[in-house]
Amino acid sequence: MNISKQNILSALENITVSGEGKNMVESGAVHNVVTFADEVIVDVKLSTPALHIKKRTEADIIKTIHENVDPNAKVQVNIKVEAPTKPQNPNLIKGKPIPGIQNIVAVASGKGGVGKSTVTANLAITLSKMGFKVGILDADIYGPSIPIMFDVAMEKPLSVNVGGKSKMRPIENYGIKILSIGFFTQPNQAVIWRGPMAAKALNQLIFDAAWGELDFMLIDLPPGTGDIHLSIMQSLPITGAVVVSTPQNVALADARKGVAMFQQENIDVPVLGIIENMAYFTPAELPENKYYIFGKEGAKNLSEDLNVPYLGEIPLVQSIREAGDVGRPAALQTATKTEEAFEAITKNVVQQTVLRNENLPPTEAIKITTMAGCSAVKK
Ligand SMILES: Nc1ncnc2c1ncn2[C@@H]1O[C@H](COP(=O)(O)OP(=O)(O)OP(=O)(O)O)[C@@H](O)[C@H]1O
Ligand SMILES: [Mg+2]
């Protein structure tokens, strides 16, 4: 067959896009095809930066052109990564989406202290290193830790004028935009609010803020399955939730409840997967040694049991705790095992977000019909 744009496009129709049931031409992944004598240039748009998917796509394109058009064609594949978004159908979104924010990912656990904030901070840094625009909403009204983890605890958001309205400008560090109730309280002041007040404060952080364009907004949730969770899901169409657990039984039991909350029929927020934090202890001086002090692969087994994706594991290492305490998330350090672990997990989160956006309609925000926690129905 001769090398022509039409023949190349027909050949590319043999490649299917995973999870979508469409070929790569139909799905719009093939951006452009240029042919000149025996040369073929294929421009492709992918929504995942995962290296193995890029490599596989490139190999599939070259193979299919060689097999179906010309075995001697010189094929060049240019892959551009774009944020995993789908044009959202406004009729399906009944909540109040924030304009410019493509994906909202909630980070939850059941039990406290298992590492939600640490995971949120390092996911944000890693997503940003991959080229995504990222914001964090610290929704832990009663124990906000993101300002400390980003070394911005003393900052106060300024107000900016957006279209004639005053909005809070998120504090920015390491390229991440951050808003937290912690910016508005004194360090030694306990926040004692009833649910509705806390929900109101959170709504202001969400809607009265100039977040700008974000590929990902990560929400660091408080522990448990309470008021704040419901009010967040009521205010925002959450793209998906990530559940963090340590391998020990008490944490797993609570993680199970966390997953169940998102999967509850009337809430129905897709669970992107489970992360095993503090999977094993590794002393700095013996980096190859692994001590499974909280048990082994508990979160991995839970994800299999609940049939939700397993996103990977993070070891318990002193430097992760220290990095959080001094306000420089560990993933900022390059060429470390920790960076590697967060990279692997972040790629999986992006991949699951892509799959979720491809296969499911946008999440609807829920309407609480009775006292929070008792019942919830879709608007
Ligand atoms: N993988 C890890 N290695 C070492 N220390 C860790 C790790 N993950 C979390 N920590 C430390 O454990 C403590 C609790 O973590 P973090 O604050 O992230 O948990 P959390 O789930 O957000 O807690 P809370 O429920 O109070 O919001 C912190 O001091 C943090 O630095
Ligand atoms: Mg926390």
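Numbers for the structure displayed
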| quantity | calculated |
| --- | --- |
| Positions within the stretch 102-118 being closer than 15 Å to residue 346 by Cβ and more than 7 Å from ligand 1 (Cβ to nearest atom), in sequence order | 103, 105, 107 |
| Failed criterion for residue 204 (all others in (1) away from ligand 1 (no atom under 16 Å from the Cβ); (2) under 27 Å from residue 128 (Cα atoms); (3) assigned to a loop (DSSP other than H, G, I, E, B) hold) | (3) |
| Tabulated pairs, the stretch 144-156, first assigned by TED's automatic domain parsing to the domain that holds residue 108 and touching a residue at least 12 places away in the same chain (Cβ under 8 Å), second within 9 Å of ligand 2 (Cβ to nearest atom) and of a type in the set (Gly, Ala, Ser), C-beta under 8 angstrom, 6+ apart or interchain | 145/117; 146/117; 149/117 |
| Number of positions in the stretch 156-172 that are out of contact with any Lys or Arg (no Cβ under 8 Å at 6 or more places or on another chain) and either of a type in the set (Lys, Arg) or surrounded by 17 or more Cβ atoms within 10 Å (Cβ to Cβ) (or both) | 5 |
| Qualifying residue in the stretch 306-315 (condition: under 30 Å from residue 356 (Cβ atoms) and of a type in the set (Ser, Thr, Tyr)) | yes |
| Scan of the stretch 324-338 for residues that are modelled with pLDDT under 95 and of a type outside the set (S, T, N, Q), ordered by number | 335, 337 |
| The stretch 146-181: number of residues that are part of a loop (DSSP other than H, G, I, E, B) and at pLDDT below 95 | 8 |
| Positions within the stretch 133-152 being away from ligand 1 (no atom under 12 Å from the Cβ) and farther than 12 Å from residue 177 by Cβ, in sequence order | 147, 151 |
| Residue match in the stretch 50-57 (condition: surrounded by 13 or more Cβ atoms within 10 Å (Cβ to Cβ) and more than 30 Å from residue 215 (Cβ to Cβ)) | no |
| Every residue from the stretch 297-318 that is of a type in the set (S, T, N, Q), more than 19 Å from residue 116 (Cβ to Cβ) and either surrounded by 13 or more Cβ atoms within 10 Å (Cβ to Cβ) or not assigned by TED's automatic domain parsing to the domain that holds residue 147 (or both) | 301 |
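Conditions (1) surrounded by fewer than 15 Cβ atoms within 10 Å (Cβ to Cβ); (2) in contact (Cβ under 8 Å) with a residue 40 or more places away in the chain, marked per residue:
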| position | (1), (2) |
| --- | --- |
| 256 | no, yes |
| 262 | no, yes |
| 267 | no, yes |
| 271 | no, no |
| 275 | no, yes |
| 280 | no, no |
| 286 | yes, no |
| 289 | yes, no |
| 294 | no, yes |
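The values are calculated or read from the model by the stated rules, or taken from the named source; none is laboratory data. From a predicted model like this one, the values you see are computed outputs, not experimental measurements. For neighbour counting, all protein chains shown are included, and Cβ atoms are generated from backbone atoms with ideal geometry for every residue, glycine included.
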